[in-house]
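In what follows, a structure is listed as structure tokens, so that the remarks can point back to it.
FYI, it's all coordinate maths here, none of it is from the lab. Bear in mind that the values here come from a model prediction, so they are computed numbers and not experimental data. With ideal geometry, Cβ positions are generated from the backbone for all residues, glycine too; neighbour counts draw on all protein chains shown.
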């Protein structure tokens, strides 16, 4: 029997173009850097979902914004407010199906929220939704907030600002033009003390001034030769702003320095989407980790800051069921396409009683030009994770192993092993007699849908090289 050979699953998901060229795959996983002396980079399952409310006659989540002690949600064609007890109040109707832009001011009496979509503009104030009727404001493309004013962007490159503490009042001369390049404006986004003005090819960064006639001007050096190709992909977390560039590469910027998050599988998926409005970006933090989520109708990718990209998928779907999220009530509140509102929960190991399948795949394991006779496969899981339940999938959780010798075109049958009943920490997760690898090497896949804690530390095989 040969010496153990460690199988490396990496830290992020990297599906290849053809199959044999694939790298590791991570689906619904989270890799966490641990302290010195522990196994490096254990692979856990991502947080699950806890249902908090269902919006009657709701639908696809089109926008979210925190408004004091309430959360405004556009779900389907309804605008609702959710309080800290998860109670829902209907406010009014928002027509259409496209995603909305929302911005809140800091009006002392009652905060106002501007809602913009398809050139239409609304204001929510004191739980009443109405049109913004100021004729000095052309049909806006987006809205954001900076220094006591709403800033409305126009596709032709102009930005209009509202009066202080009144986002419904816009002066006829209260505008300027982003003139660094003739590429119009795709999106305005308030970040820290700045307003980022994204064009189709470039980005300008403006800041409030003390001038009463021209209260916003471009920051010195605030011109980036990179635009935005997906207006709803812009999001921020702490000091960092994220967006999808005009080259379909995701970017982040801590400060004004661009950092490409270039990952070929993500770029390929972004290039495949013709409806750019369907690409949505949002961020969240949980357990000391920060994440940027990019989702479309066809896929969901999640960037773990400082670690890399993984895939998110809900059961029987190629994408995550979640459309959008926002911090609220000391939680990350998220919503789907059915009017359901959840919180992300590290203690939940499924998606509101639906299985959340944790999957890792290796890159092809080679001994080129030879093959490998695999005698034994060891997986160093955290075991004894079963819980007290009448559901055997939870009380005696299992993990499945299968493999492919042709680049993922076909797979062996899945073989199950126990992760241990509650407290059974000495369980060994081992498979014997796994044959000889193929000419293209072997891809290993571990998968578990058990609604319990899942954590993988090491994987290794014992085997010997054999001739071709």
Could you order the peptides 48-60, 326-338, 250-262, 438-450 from most to least packed, using the average number of other C-beta atoms within 10 Å per residue? 438-450, 326-338, 48-60, 250-262
Please compute the contact order of region 210-319 in relative form: average sequence separation of alpha-carbon pairs under 8 Å and at least six residues apart, divided by the residue count, as a percent. 17
Taking R0 as 35 Å, what's the FRET efficiency between residue 389 and residue 297 from their Cβ-Cβ distance, rounded to 0.05? 0.50
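Once a ≥ b ≥ c are taken as the square roots of the eigenvalues of the Cα gyration tensor of region 257-339, is the result rounded (a/c under 1.5), prolate (a/b larger than b/c) or oblate (a/b not larger than b/c)?
On the way: a/c = 1.71, a/b = 1.10, b/c = 1.56.
Note, shape of region 257-339 comes out oblate.
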Fewest Cβ neighbours within 10 Å first, please rank 107, 121, 394 accordingly. 107, 394, 121
Restricting to Cα pairs under 8 Å and 6 or more apart, the percent relative contact order of the chain works out to 18
Cα centroid separation - region 177-223 against region 395-441, whole Å: 54
Counting other beta carbons within 10 Å of each residue's own, what order do 320, 411 fall into, fewest first? 411, 320
Report the antiparallel proportion of the DSSP beta bridges in the chain as a percent, rounded to a multiple of 5. 100
Between residue 460 and residue 85, what is the label-point separation in nm under the 7 Å Cα-to-beta-carbon projection? 5.7
Just rank 282, 299, 243, fewest to most, by other beta-carbon atoms within 10 angstrom. 299, 282, 243
Length added when fully stretched, residue 338-residue 370, from 0.36 nm per residue minus Cα-Cα: 6.3 nm
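Add -39500 (n - 2.57) for each DSSP H run of 4 or more in the chain, then divide by its residues: what number comes out at 222 nm, to the nearest 500 deg cm²/dmol?
Taking each H run of at least 4 residues, the total per residue is -500 deg cm²/dmol.
At 0.36 nm per residue, minus the direct Cα-Cα distance, what do residue 97 and residue 410 gain on full extension? Give it in nm, one decimal, please.
108.7 nm
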Nearest 0.05, what FRET efficiency do residue 127 and residue 163 give at R0 = 25 Å with Cβ-Cβ as r? 0.65
